[in-house]
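See structure below.
The values are calculated or read from the model by the stated rules, or taken from the named source; none is laboratory data. Keep in mind it's a predicted model, so treat the numbers as computed, not measured. Virtual Cβ from ideal backbone geometry, glycine too; neighbours counted across all protein chains shown.
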Amino acid sequence: MEDDAPYQAIIRTAENQRCDVIVMASHGRGGVSALLLGSETMKVLAHSKIPVLVVR
């Protein structure tokens with residue numbers, strides 16, 4: 001699915017498919033950078049009513 005806002009496409013697809021959880025990857029960085037997630041992951045976390053699992 002294409003969208004100008006990828007996080008919206010991710011959430012909409014998960015809702016349309018009646019998913020129980022959305023699984024996304026973090027950047028996989030170490031140290032202080034490990035605390036930071038990608039902007040799309042953060043947007044999905046902030047806007048999704050479906051639980052989001054972030055894998056490192």
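Search region 47-56 for residues being of a type in the set (A, V, I, L, M) and modelled with pLDDT of 95 or more, and hand back the single one that is surrounded by the fewest Cβ atoms within 10 Å (Cβ to Cβ). Let's see the steps before the verdict.
Keep residues of region 47-56 that are of a type in the set (A, V, I, L, M), which gives 50, 52-55.
Keeping just the survivors that are modelled with pLDDT of 95 or more gives 50, 52-53.
Values: ILE50: 14, VAL52: 17, LEU53: 8.
Ranking the candidates gives LEU53 first.
Would you point out the residue of region 16-39, among those that are surrounded by 13 or more Cβ atoms within 10 Å (Cβ to Cβ) and modelled with pLDDT of 90 or more, that is farthest from ALA5 (Cα to Cα)?
Going residue by residue through region 16-39, those that are surrounded by 13 or more Cβ atoms within 10 Å (Cβ to Cβ) are 19, 22, 24, 26, 37-38.
Still in the running and modelled with pLDDT of 90 or more: 19, 22, 24.
On the way: CYS19: 20, ILE22: 17, MET24: 16 Å.
Going through the qualifying residues, I end up with CYS19.
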